[in-house]
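Notes follow once the structure below has been shown.
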Amino acid sequence: MIREVAWRVFAGEYNDSSYVYTEGGERAPSYVVTPLGARINRLLVVGVITEVENIATEEEPMWRARLEDSTGTFYISAGQYQPEAAQQLAKLEPPVFAAVMGKSRVYSPEEGTIYVSIRPEMVTKVSEDLRDFWVLEACKNLRERITAMKEAQQMDPLTKEGLIALGYKERLADGIVRAKQHYLDLEVDKYSGMLIDALRYLLPEFREQADVKEETVDEEKEDKETDVLKLIESLDKNGKGASWEDILKGAKKAGIKKDELEEIANELLDKGLVYEPVLGRMKKI
Amino acid sequence: MDREQIAPHVEDIKRALDDKVSEDQIAGELENYLNVYRVPLDSAKRSIVRKYGGNPAGLQVGVQKKLAELAPNEPSVSLLARVVSVNPKEIQVNGNAKNILYGILGDDTATVPFTAWEVENLEMEKGDTVRVENAYTKEYRGQVQINFGNRTTISPESPEAVPPFTPGPATVRPAKVADLREGFGGVSMTVRILSLEEREVMVEGNKKMVYSGVMADETGKAQFTAWKDYGLKEGDVLKIEGGYIRTWRGIPQLNFDERAEVNIVDEDFPSMDDLKTSPRIWIEDLIERGGAVDTTVRGILVDVKEGSGLIYRCPECRRVLRKNACRIHGEVEGEADLRIKAVIDDGSGAITAIFGRELTEKFLNKSMDVCIDMAKEAMTHEVVRDDLADMLIAQPIEVQGNVTRDDFGIMMIVNSAEVLKIEVEKEAREMLDDLEGLT
Ligand SMILES: [Zn+2]
């Protein structure tokens with residue numbers, strides 16, 4: 001069987017995925033399809049590992065880690081079936097630049113909700129230069145998907161063959177057609193913005209500006225953060241953390257949209273005010 | 001091909017996959033391979049079976065081919081042909097005498113030698129027209145050979161079933177090097193000869209000089225063989241009409257002979273120096289093509305596989321020893337060697353890359369003797385592989401060499417390699433300017 005390619009994709013796009021499919025047959029591979037049509041069975045990501053934690057026992061460890069790129073967080077978990085990767089994860093001392101290659105994994109607590117993560121095959125410490133190299137590769141690939149998706153939006157009817165005729169490879173054409181059918185109100189512009197931000201991240205002339213932006217804290221946002229933090233605390237009835245679905249419902253009542261909530265939740269995670277005891281639950285620290 | 005024509009092949013694939021995949025899905029895949037990628041039916045079927053985890057040996061319905069379309073190492077072919085000649089022969093197999101038949105088959109496109117290994121109940125005479133099912137092909141000295149084994153069936157056909165042999169190019173297919181695929185006939189192309197050598201081969205019992213080498217156009221390089229003396233020289237620009245493609249482990253090779261129209265032309269064409277550079281190719285394209293001569297791939301090295309580092313080889317056959325024993329020659333005194341079996345992924349696909357001793361020593365910055373001492377001290381050969389993994393995994397790398405294909409994917413025997421330093425800022429700035437220019 002031909003080895004699956006390792007996609008270079010940003011966390012911001014990967015985590016937006018809500019579509020997974022299997023190509024029939026018992027041992028057939030499964031794929032996570034991102035909103036821009038990356039059809040991912042394996043991925044290679046590079047960023048900063050900010051946390052590594054054994055959430056199980058010493059005898060049968062289950063290692064969880066967070067890897068941040070400039071657009072978001074990849075969730076990584078390795079257990080007894082990934083002994084080499086687990087061992088390598090255990091050796092890392094965050095924060096550290098690292099490359100992780102692994103298989104796409106999906107956790108679906110209920111129908112319609114999915115969380116994606118990575119089951120690592122390879123974990124290794126890398127240099128900042130390699131991180132930059134990866135960001136550039138991921139940008140090139142993201143740009144191709146954005147262009148392909150924009151063309152797909154113009155095509156009527158949209159077919160794989162039509163995209164291939166435009167010069168796209170089968171692998172991407174197939175993913176684009178699937179994504180277009182699944183993600184009904186896709187906003188490509190969001191990813192165009194992500195691309196431009198990621199490119200600026202590589203350039204020294206934009207670095208200062210980014211720092212300044214972070215310093216001008218929006219007061220309204222700070223208020224909402226406090227609200228969400230209180231919400232998480234109040235929903236944590238059994239000490240195992242509040243479930244994401246409950247947080248989502250509560251936030252909706254308080255007039256906070258899903259996109260905004262995700263941003264706030266990330267902010268709280270970054271600030272170390274909350275953490276995720278398991279994927280899909282949040283707990284106040 | 002339409003749905004009706006491919007139906008028996010869809011059935012065949014489905015059976016080879018133990019009915020685990022639906023007919024619709026297989027039909028869709030097969031149409032994709034045949035119509036979008038124009039892969040020959042036989043390779044398409046095998047690729048699909050492999051893709052779903054099956055064994056292509058389970059395929060039973062052969063692909064009926066013209067003789068000129070035969071490629072070496074086809075496991076199952078069906079033919080409609082005339083027996084041009086047939087002779088009995090006695091050979092020795094494991095010390096026992098065995099009777100076989102050999103001869104030549106012909107149709108309207110070509111004549112090809114055959115050997116029948118099971119002659120019981122086999123009746124074939126010169127001039128017969130026969131339908132052959134489940135034969136297989138091999139290559140012998142650059143020529144395709146048809147073999148009849150114990151799965152092969154041969155039945156008589158009426159003489160009108162096979163049109164007479166008509167030499168000369170049939171349909172003309174204009175092509176660039178990057179487009180060449182197994183089984184193509186009637187190929188028309190213009191190339192420059194980069195290297196050339198003469199060699200002697202036996203064809204149908206006679207000595208014959210053939211001329212082979214490497215040719216190129218702006219899309220890449222390929223091997224060629226001229227079965228006739230055209231007075232070729234290195235550097236010549238050739239226009240060939242009526243060539244045909246054979247592949248060796250996925251590497252396409254252009255063949256041309258009396259039936260082709262071959263001219264040395266004086267036209268604008270990329271220079272020797274331009275063509276000698278090894279073009280960078282996406283791994284995805286190499287997988288589609290099957291193989292290529294002198295190719296460059298750039299990607300991230302993601303795995304240093306088992307069997308890398310310090311290894312010991314059999315002094316007789318060069319096979320790698322396992323537990324001090326050769327698979328063929330048993331326990332032997334092994335000879336030390338160094339190599340790397342790596343996986344390189346460029347974001348479009350993955351390739352296995354094999355680095356020999358010289359390159360491995362260069363990466364390690366250590367001689368083999370030092371590695372042997374290291375292994376002794378650590379009491380395991382794995383220290384060398386561990387060193388290589390620490391040094392190479394997750395490095396951006398550029399490798400150059402020939403690419404071949406087998407059932408497990410594509411593989412490069414690396415000729416030269418270099419860890420890359422990439423100008424990230426410059427490219428990022430260009431892309432950003434480009435994008436912001438658009439808005
Ligand atoms: Zn041996």
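The values are calculated or read from the model by the stated rules, or taken from the named source; none is laboratory data. Predicted model, so just to flag it, every value in this text is computed and none were measured. When we count neighbours, we look across all protein chains shown, and the Cβ atoms used for this are built from the backbone with ideal geometry, even at glycine. The accessibility values were calculated without ligands, DNA or RNA, using every heavy atom of the protein model including side chains. Shrake-Rupley method; radii C 1.70, N 1.55, O 1.52, S 1.80 Å.
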Q: For B:Leu34, indicate whether it is more than 24 Å from B:Gly291 (Cβ to Cβ), of a type in the set (A, V, I, L, M, F, W, C) and within 14 Å of chain A (Cβ to nearest Cβ).
A: no
**Q.** Segments classed as strands (runs of 3 or more DSSP E), wholly inside the range A:50-134, with at least 1 members that are within 14 Å of chain B (Cβ to nearest Cβ), open to solvent by less than 10 Å² (accessible area, probe 1.4 Å) and in contact with a Lys or Arg (Cβ under 6 Å, 6 or more places away or on another chain)
**A.** A:96-110
**Q.** Considering residues of the range B:420-439 that are in contact with a Pro (Cβ under 9 Å, 6 or more places away or on another chain) and open to solvent by 70 Å² or more (accessible area, probe 1.4 Å) only, the residue nearest to the other protein chains (Cβ to nearest Cβ)
**A.** B:Glu425
(Q) Tell me which helices (runs of 4 or more DSSP H) are completely within the range B:347-414 and hold 1 or more residues being in contact (Cβ under 8 Å) with a residue 24 or more places away in the chain and either under 30 Å from B:Tyr52 (Cβ atoms) or within 14 Å of chain A (Cβ to nearest Cβ) (or both), or say none if there are none. (A) B:382-392
(Q) Kindly evaluate B:Asp303 against the criterion of being within 15 Å of the ligand (Cβ to nearest atom), on the phi < 0 side of the Ramachandran plot and at pLDDT 90 or above. (A) no
Q | Residues located in the range B:1-59, provided they are among the aromatic types (Phe, Trp, Tyr) and surrounded by 19 or more Cβ atoms within 10 Å (Cβ to Cβ) | A | B:Tyr33, B:Tyr52
Q. Which number in (1) in contact with a strand residue (DSSP E or B) (Cβ under 7 Å, 6 or more places away or on another chain); (2) within 16 Å of the ligand (Cβ to nearest atom); (3) hydrophobic (A, V, I, L, M, F, W, C) marks the one condition that B:Val297 misses?
A. (2)
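Residue-by-condition table, conditions (1) open to solvent by 50 Å² or more (accessible area, probe 1.4 Å); (2) away from the ligand (no atom under 16 Å from the Cβ):
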{"position": "B:Leu321", "(1), (2)": "no, no"}
{"position": "B:Val332", "(1), (2)": "no, no"}
{"position": "B:Val343", "(1), (2)": "no, yes"}
{"position": "B:Asn365", "(1), (2)": "yes, yes"}
{"position": "B:Asp373", "(1), (2)": "yes, yes"}
{"position": "B:Val383", "(1), (2)": "no, yes"}
{"position": "B:Asp390", "(1), (2)": "yes, yes"}
(Q) Of the residues A:Leu269, A:Leu279, only one is within 19 Å of the chain's Cα centre (by Cα) and assigned to a helix (DSSP H, G or I); which? (A) A:Leu269
Q: Could you grab me the full set of residues in the range B:397-411 that are of a type outside the set (Gly, Ala, Ser), farther than 14 Å from B:Asp285 by Cα and open to solvent by less than 60 Å² (accessible area, probe 1.4 Å)?
A: B:Ile397, B:Glu398, B:Val399, B:Gln400
(Q) So B:Ile300 passes all but one of these: (1) assigned to a strand (DSSP E or B); (2) within 13 Å of chain A (Cβ to nearest Cβ); (3) over 30 Å from A:Thr124 (Cα atoms). Which condition number does it fail? (A) (3)
Q | Hey, B:Cys317 away from the ligand (no atom under 16 Å from the Cβ) and either free of Cβ contacts under 8 Å to residues at least 40 places away in the same chain or away from chain A (no Cβ under 14 Å) (or both) or not | A | no
